[in-house]
Structure formats: C-alpha cells, structure tokens
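Engineer: Structure in structure tokens, see below.
The values are calculated or read from the model by the stated rules, or taken from the named source; none is laboratory data. Note that the structure is a prediction, hence the values are computed from the model and not measured. Virtual Cβ from ideal backbone geometry, glycine too; neighbours counted across all protein chains shown.
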C-alpha cells in the first residue's frame, strides 16, 4: 500500500515534466509558424504602407519607415482611368465564373453521382486542356480572334476565361459531389421527386460550400489573368493587370502609385474571400477526404 502511495507523486511529477516539454515544443512551433506567416504577409503589408507614401519617400534607401501618410497616390490612380479597367475585369470575371458554374456543375454531377460511359476518358480530356502551354496557343488564338473581329473585346476574355477555368471547376466539383451519398438521390426518387427537384432541393444545398470555393478560385484566376489580356486587348477591353503594367515607364517605376493601384486591385478579391471565408473553408475541406 505504501508503494502505491509513493508511486503516485512520482507519476504526477513525470506527467508534469512531459506536459512542460510538450508545451515548450508546441510553443516553439507556434513561434516558427508566426514568423513564417508574418514573412509571407510582410510584402503585402509593405505594399499597403508604400501606397500611403509620396514617391520621394518610396524610393529612399534605406526605406523610410516614419513618414506622413497621404492619399495623393490613390487620387492619382483614380484620375488615371482605373475605373474602366476595373469594370472590364469585373465583367469578364463575373460572367466567365457564372458560365463556368453553369457548365461545370452539371458536368461534375454527371461524372460523379450519375456517371457516364468512359468517365475516366472524359476527366482526362478536361484536364488535358490545361497541359498545353498558353504561350503555344496565343498565336493561333490571336489569328482566330482577329479574323472574327473580336480583338480588344471583353467578350473574348469571357470565352477564354471560361475555357481556362472549366477543367479545374469540373475536377473540384466532382470531388465535392463524390462526398454526397448516392442514397440521397434514391430516397428522393422514392418520395416522387424528379431528378431536377432532387438535385435542386437535396444535392445543391449540400455542395453549396464546394460551389462557393470553386467560384472563388475561378474569380481569383480570372481576375489575375495577364497573358491573354495583354495580347488580345488594347484600350477598350483592357483589364486591371494590364493597367498595372502602365506604371512601368521609360522614366522609371512609380512605386507609390503602383502600390496604391495594387491595393485597389486586390481589395475586391480580398473582400470576396473575407465574406465567403466560412463557406470557403468548408468547401476546400469538403472534398479533401474520401
């Protein structure tokens, strides 16, 4: 009996030591994670800080840390015609994302819960369209677009962005649909629901986080796309990434104005991700494990 009483304080001390070691290890990894996270975020933070500087303060070496904030760079960017390019980017991104969802969701459904013949061949066909380097396709695309009179037309970008994002959307949505039990469709059909009713009332609400995640990824890819826009547009259909290049001139690089324009450019996507963050996290984890 005395042996048990003596052993208990020893076990307690051992557990305390193990807990302290584990806590120390976790604290070290937390600090490392914070340092890495701050390191990745620091360029974005510096861009935001530079946007509130004068050009003279943005060029100093070493960098100026203490300065008087100003909104002059934002006024200069707004006066330089960024509104038109923002509208072009918003139109091309929004319409192409809508088309991707209208085409990709039924295709993903057909390749998952209602599999068609040679599903693997269809999936490979979708993903194989992403294997061709964009630079290898730009010349024939430029010739075709020029022949049909669609150069410097925002609808050209809508079509290209739809084709660019559709394979990714199909693969993503298929993984989300595979997480839905097929028995739900059978139960809905036994209750007298048609296929469209079952999909609309049962399946789509379950995969709505996946649809949100897919839509946000398509928005990011379309909003940031540069190669098609710089080669197939000029003035009327110019998008925001092409507009940013205009700050690189023969007189030099306007760091403060470029930072202000970059902040205005990134703000819509950041806000979209912020408002959709709950569904985005659920959607990205929904089809991750099968």
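Engineer: Is it fair to say residue 80 is under 22 Å from residue 226 (Cβ atoms), assigned by TED's automatic domain parsing to the domain that holds residue 258 and at pLDDT 90 or above?
Structural biologist: no
Engineer: Hey, another quick one. Residue check, residue 231 against (1) within 20 Å of residue 135 (Cβ to Cβ); (2) outside any helix (DSSP H, G or I), all met but one. Which one?
Structural biologist: (2)
Yes/no per residue for (1) more than 22 Å from residue 236 (Cβ to Cβ); (2) in the same structural domain as residue 240 (by TED's automatic domain parsing); (3) modelled with pLDDT of 85 or more:
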site	(1), (2), (3)
112	yes, yes, no
120	yes, yes, no
136	yes, yes, yes
146	no, yes, yes
186	yes, yes, no
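Engineer: Which of the residues spanning segment 137-165 are over 25 Å from the mean Cα position of the chain (by Cα) and assigned to a helix (DSSP H, G or I)?
Structural biologist: Going through segment 137-165, the residues over 25 Å from the mean Cα position of the chain (by Cα) turn out to be 139-152.
139, 140, 141, 142, 143, 144, 145, 146, 147 - these are the residues of segment 137-165 that are over 25 Å from the mean Cα position of the chain (by Cα) and assigned to a helix (DSSP H, G or I).
Engineer: Picking from 104, 94, which residue would you name as being surrounded by 14 or more Cβ atoms within 10 Å (Cβ to Cβ), at pLDDT 90 or above, assigned by TED's automatic domain parsing to the domain that holds residue 183 and more than 30 Å from residue 235 (Cβ to Cβ)?
Structural biologist: From the options 104, 94, the qualifying one is 104.
Engineer: While we're on this one: Restrict the check to segment 184-197 and report whether at least one residue is in a helix (DSSP H, G or I), within 30 Å of residue 78 (Cα to Cα) and touching a helix residue (DSSP H, G or I) at 6+ places or on another chain (Cβ under 8 Å).
Structural biologist: There is no residue in segment 184-197 that is in a helix (DSSP H, G or I), within 30 Å of residue 78 (Cα to Cα) and touching a helix residue (DSSP H, G or I) at 6+ places or on another chain (Cβ under 8 Å).
Engineer: Could you grab me the full set of residues in segment 67-91 that are surrounded by 19 or more Cβ atoms within 10 Å (Cβ to Cβ) and within 30 Å of residue 174 (Cα to Cα)?
Structural biologist: Correct list: 89 only.
Engineer: Restricting attention to segment 243-257, and to residues there that are over 23 Å from residue 225 (Cβ atoms) and crowded, with 19+ Cβ neighbours inside 10 Å, which single residue is modelled with the highest pLDDT?
Structural biologist: Only one residue fits best here, namely 256.
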